[in-house]
Every structure is written in C-alpha cells, then in structure tokens.
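The structure under discussion appears below in the form of structure tokens.
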Amino acid sequence: RDFNSSVDTASMSLSIASPASAVRPSIACLSRRRPVGRSSRSQKRVEAASVKVTITPSDGGESITTTVDTTSVLRTVILDTGAQLYGGMDRLMNCGGMGNCGTCLVDVVEGADLLSEQTAAELRKVKAGKLKEGWRMSCQCLVGGDAAPEGAELSVVVRPKK
C-alpha cells in the first residue's frame, strides 16, 4: 500500500494519508441498537411466588434468612446476604460464577425441588466425584420463579473450604 506522510516541523504535527480503498468502516463501529420490541421499559415484570431461603454456615454460626421474589442465581442470593460462601484463598481465586472451580458448593438440606435442574458443569463435577449427593454448585442453580409454590422454603448449608 502507498502511504504518504508529511511532518510539519513548525507545529510538530504528523499526518498520514492512505489510499481511499484502504480505509473502510467496520461493522463494529456502528452504533448498537436494541432489536425492535425488546425495550427493557416495555417488558412487564412477572410476579412469582416468593421463596424463603435460609443460609446456615457449616461452622454452626447464626443462620441468615432472606426472601427471593424473582428467579435468581443461588450464588447471588447468598452473597447478597453477606454470608461467607468462600473461605481462604477461594475468596480471590474463584471463577466468579462460571461453573469451573467448584468452590461455591452448598449442601441442600430442604427444598431441593425448588432449584433448577443440574447443569452440564454440575454433572461434570458429579462424574469426577467432586459433588456429593445433595450438594449443588450455587452458581449453577436458580431459585424462585413461576414454578415455586407459595410459602416455599429452601434451606442450604454453606461449606467454604478453609
């Protein structure tokens, strides 16, 4: 390609001119718009039955109870209450809810039927023997939603590694 450059020493500016065929706008620089009819303002909030979630630390500390009104990731529910989900270096070195590390394990004591089905990430951990019966990866399961019956209760024990 031919590029012509010139330096104006009086104002110390550099200009580079390229052939017109070399400069093409990319699609990435176009403004991103929402598809028609998908405005967040026009979406109606679906009211679901609330689920009472009780989070108990494995060391026998005080339980924390919260209520979930919309479908939520269990990991987010636990962290929003201030409960300690991660212990030791896992506080810094967890995967952030992507289902890779397995450090967000919880023991489901009551209400396992209120959680979503096991994901592929959880099934891999079961196959590897890292996920015991009744345990779930909190980053991979959803709680609440339309299928939850009124007055439903979920109880989990948080078991952070030391």
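A few notes on this one:
- Centre separation in Å (Cα based) which lies between the stretch 104-139 and the stretch 65-99: 14
- For the stretch 45-162, the alpha-carbon radius of gyration amounts to 1.01 times the rule-of-thumb value 2.2 N^0.38 Å expected for a compact globular protein.
- Relative contact order (percent, whole number), the stretch 85-149, Cα cutoff 8 Å, 6+ residue spacing: 40
- For SER116, the shell of other residues with beta-carbons less than 14 Å away shows a net charge of -2, using +1 for Lys and Arg and -1 for Asp and Glu.
Read the figures in this text as sums done on the coordinates, not as results from a lab. Computed from a prediction, not measured in an experiment: that's the story for all the values here. In this analysis, Cβ positions are derived from the backbone assuming ideal geometry, glycine residues included, and neighbour counts consider all displayed protein chains.
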